[in-house]
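Accompanying notes for the structure given below.
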Amino acid sequence: MQFVLNAQKRETQGSSASRRLRRSGKTPAIIYGAGQAPEVIELDHNQLYLAMRKKAFHSSLLTIEMEGKKEQVLLRDYQMHPHRSQVLHVDFQRIDADKKLHQKVPLHFINQSIAPGVKLEGGQISHIITELEISCLPHDLPEFIEVDLQGLSVGASLHVSELSLPKGVAALTHGIDQTVVTCTAKRGGE
């Protein structure tokens with residue numbers, strides 16, 4: 001999924017300038033990385049908020065269009081208002097097409113209801129992790145990683161090493177083969 005955000009350079013900085021920006025329907029943001037100087041920008045709040053409601057926005061390459069030029073970035077951090085549906089500030093990181101990046105990507109679990117452990121043995125699925133940290137080149141970045149639970153029986157578990165990752169993508173396990181999902185028997189009397 002392609003996300004394109006229109007931005008303008010921000011002239012003023014500071015907390016009072018940011019408050020004025022938010023009152024006018026804009027969101028302050030910053031773009032940094034790739035060996036370039038940080039750039040302070042402003043984005044249309046409604047466009048940004050609607051894009052952020054999509055799950056893919058948080059793990060995809062984004063395009064920021066500013067003054068006729070386009071830049072590829074990743075969403076690195078954002079702050080939300082504690083009570084209102086308002087984005088207070090956003091941090092983007094520039095992408096260097098030749099360097100591998102580290103990103104957390106959501107896991108999508110499929111065939112949960114037809115897994116033998118659930119359908120035949122009456123077990124239940126427990127999701128241990130719901131996102132996976134990966135390393136890849138920017139053009140190989142997947143929107144999500146699919147986890148097929150079709151062969152999972154009671155007492156079995158699926159580990160990171162057993163996932164089928166897209167070409168060019170490597171899981172960052174830090175030396176631990178972490179459990180992704182388990183199928184356990186339901187407890188209790190008859």
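The values are calculated or read from the model by the stated rules, or taken from the named source; none is laboratory data. Owing to the predicted nature of the structure, the values given are computational and were not obtained by experimental measurement. Quick reminder, even Gly has a Cβ in these numbers, built from the backbone with ideal geometry, and neighbours come from all protein chains shown. Protein only, heavy atoms only, side chains kept; ligands, DNA and RNA dropped before computing areas. Shrake-Rupley method; radii C 1.70, N 1.55, O 1.52, S 1.80 Å.
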Please give the Cα centre distance for the stretch 161-190 versus the stretch 53-92, rounded to the nearest Å. 30 Å
Protein chains only, probe 1.4 Å: how do Phe109, Phe3 rank by accessible area, largest first? Phe109, Phe3
Long-range amide H partners of Leu152, meaning residues 5 or more apart or on another chain whose placed amide H is closer than 5 Å, are Gly117
What whole number of Å gives the distance from the Cα centroid of the stretch 116-132 to the Cα centroid of the stretch 1-51? 41 Å
Do you know the relative contact order of the stretch 1-78, to the nearest whole percent, from alpha carbon pairs under 8 angstrom that are 6+ apart? 36 percent
What is the percent carbon and sulfur in the accessible area of the stretch 1-126, measuring with a 1.4 Å probe over the protein chains and ignoring ligands? 48 percent
Tell me which of His89, Gln103, Ala37 sits at the most positive position along the dipole axis of the stretch 25-120, charges placed on C-beta atoms (Lys, Arg +1; Asp, Glu -1). Gln103
Rounded, prolate or oblate for the chain? Axes are the square roots of the Cα gyration tensor eigenvalues, ordered a ≥ b ≥ c, and the cut-off for rounded is a/c under 1.5. prolate
So, relative contact order of the chain in percent, Cα under 8 Å, 6 or more apart, is 18 percent
Which residue fluctuates the most in the chain, going by a Gaussian network model with Cα springs under 10 Å, if the choices are Arg76, Arg19, Arg94? Arg19
Rolling a 1.4 Å sphere over the protein heavy atoms, what is the accessible area per residue of the stretch 35-117, to the nearest Å²? 54 Å²
